[in-house]
Amino acid sequence: MEKDLRTTYMGLDLKNPIIAGSTGLTGNIDSLKNLEEEGVAAVVLKSIFEEEIFLEHEALLNQDDPFGSKREQLDYMDMQIRKDNIDRYVKLIKQAKKELSIPVIASINCAYTTGWLSFSKELEVAGADAIELNMFFSPSDIKTNSTDIEKLYFDVINKVGSSVTIPISLKISYHFTALGNTIMKLSESGIKGMVLFNRFFSPDIDIDTMSVKPSFVLSDPSEIGKSLRWVALFSEKAGCDICASTGIHSGDAVIKQLLAGAKAVQIASVLYDKKRGIVKDILNKIESWMTSKSFAAIDDFRGRLAVKKDDDPALYERSQFMKYYTK
Ligand SMILES: Cc1cc2nc3c(=O)[nH]c(=O)nc-3n(C[C@H](O)[C@H](O)[C@H](O)COP(=O)(O)O)c2cc1C
């Protein structure tokens with residue numbers, strides 16, 4: 001019997017729980033169409049980056065201009081560059097909405113300021129079904145303390161929230177001093193979804209050229225542990241839907257995240273690794289597992305291994321730890 005793989009995520013109806021996360025593969029219409037053909041239930045577009053706009057402007061400003069005579073002209077160009085970048089993004093959203101039948105989630109990478117975020121409305125008008133805020137403020141900045149960094153998250157949510165009516169989700173990293181407390185507060189700030197977690201490229205060092213190089217661009221399946229733990233701890237307690245991300249490379253991994261209580265999952269690296277066929281493999285695995293366990297729909301088992309609303313997460317963690325170490 002065919003299984004019912006439908007789910008909802010921040011009010012969006014999804015035909016199955018698999019969302020293509022934001023990567024280069026979600027930045028052009030041809031590969032978006034491939035992803036839909038492969039079977040994903042929604043796509044998060046490649047993020048529009050504040051730095052793209054900011055750095056382009058800086059490069060121009062740094063050109064030789066001893067008397068600053070270019071400044072006025074550059075202020076105008078700055079506006080133009082922003083406009084061109086946003087126009088390109090708006091065009092991608094419109095194309096995606098026209099050519100795909102699955103939900104299209106726009107993604108904004110927020111790094112420094114909130115001033116530029118008023119353009120979010122344009123993403124909504126272009127037809128985006130939701131906006132994912134991909135947020136990371138570097139903890140390596142020694143002048144900013146944790147309270148100030150955390151405040152920025154709420155500032156961004158408020159700024160975008162006051163510009164749009166479509167659902168907003170927040171994609172965060174696990175680099176917070178009090179992660180549980182922060183997840184709870186953010187989840188109750190008006191957002192409809194939270195993605196746990198983003199993954200950042202780590203630097204490596206090339207010992208031949210003695211230079212820094214990017215490394216570990218794609219995740220490994222063993223990296224699922226962190227998100228699995230925090231999804232299980234907060235899927236029932238959080239004030240918004242939880243979407244799992246990082247290290248999800250197989251049907252088994254998706255089933256684990258659903259048992260932990262995720263409403264949906266995002267996959268990224270595995271789409272680069274295996275290319276065609278992986279989404280179908282994952283969906284087949286979920287269906288065959290559901291058959292073996294006599295489940296007809298995702299809701300029959302979602303959250304079975306989540307920490308219950310009134311349970312103490314610290315106790316749950318402690319008991320898992322004790323089980324392992326007293327064996
Ligand atoms: C090549 C590449 C480009 C990415 N670009 C973005 C991006 O623009 N915005 C974003 O929020 N995440 C971006 N990510 C992060 C992924 O969306 C995802 O959160 C991360 O890779 C963890 O999921 P995974 O283990 O399935 O790869 C990128 C990842 C890769 C591998």
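Using the Karplus relation 6.51 cos²θ - 1.76 cosθ + 1.60 with θ = phi - 60°, the per-residue 3J(HN,Hα) values for the range 89-101 come to 5, 4, 5, 4, 4, 4, 4, 4, 5, 6, 9, 10, 10 Hz, with x marking Gly and Pro.
With a cut-off of 14 Å between beta carbons, the residues surrounding PRO167 carry a summed charge of -2, where Lys and Arg count +1 and Asp and Glu -1. Using the Karplus relation 6.51 cos²θ - 1.76 cosθ + 1.60 with θ = phi - 60°, the per-residue 3J(HN,Hα) values for the range 164-180 come to 10, 10, 6, x, 10, 10, 10, 10, 10, 9, 9, 7, 10, 4, 10, 4, x Hz, with x marking Gly and Pro.
Whole-Hz Karplus values for the range 24-36 come out as x, 6, 10, x, 9, 5, 5, 6, 4, 5, 4, 5, 5 Hz, taken residue by residue from phi with 6.51 cos²θ - 1.76 cosθ + 1.60 and θ = phi - 60°; glycine and proline positions read x. Expressed as a whole percent, the accessible surface of the range 180-258 that belongs to carbon and sulfur atoms is 58, based on a 1.4 Å probe.
Net charge dipole, the range 168-212: roughly 420 debye, given to the nearest 20, about the Cα centre with Cβ charges of +1 for Lys and Arg and -1 for Asp and Glu. Rolling a 1.4 angstrom probe over the range 80-178 with all protein chains present gives an accessible area of which 52% lies on carbon and sulfur atoms. Proximity of backbone amide H atoms, modeled 1.01 Å from N, is registered between SER107 and LEU45, ILE48, GLU132 at under 5 Å, excluding neighbours fewer than 5 places apart on the same chain.
The chymotrypsin sites (Phe, Trp or Tyr not before Pro) found in the range 170-262 that occupy coil by DSSP, while having at most 16 further C-beta atoms within 10 Å, are TYR174, PHE200, PHE201, PHE216. In this simple spin-label model, placing a label point 7 Å from the Cα along the Cα-to-Cβ direction at both TRP289 and ILE207 gives a separation of 4.0 nm.
Take every pair of alpha-carbon atoms less than 8 Å apart whose residues are at least six positions apart; their mean separation over the length of the range 104-256 yields a relative contact order of 20 percent. Step through the table entries LYS185/LYS237; LYS15/LYS226; LYS94/LYS285; LYS159/LYS192; LYS46/LYS171, compare each Cα-Cα distance with 23 Å, and write down the pairs that go over it. Among LYS185/LYS237; LYS15/LYS226; LYS94/LYS285; LYS159/LYS192; LYS46/LYS171, the Cα-Cα distance tops 23 Å for LYS15/LYS226; LYS94/LYS285.
The values are calculated or read from the model by the stated rules, or taken from the named source; none is laboratory data. What you see is a predicted model, and the numbers here were worked out from it, not measured in a lab. Methodologically, a virtual Cβ is constructed for each residue, glycine included, from the backbone with ideal geometry; neighbour enumeration extends over all protein chains shown. We work out accessible area using only protein heavy atoms, side chains counted, and drop any ligands, DNA or RNA first. Shrake-Rupley method; radii C 1.70, N 1.55, O 1.52, S 1.80 Å.
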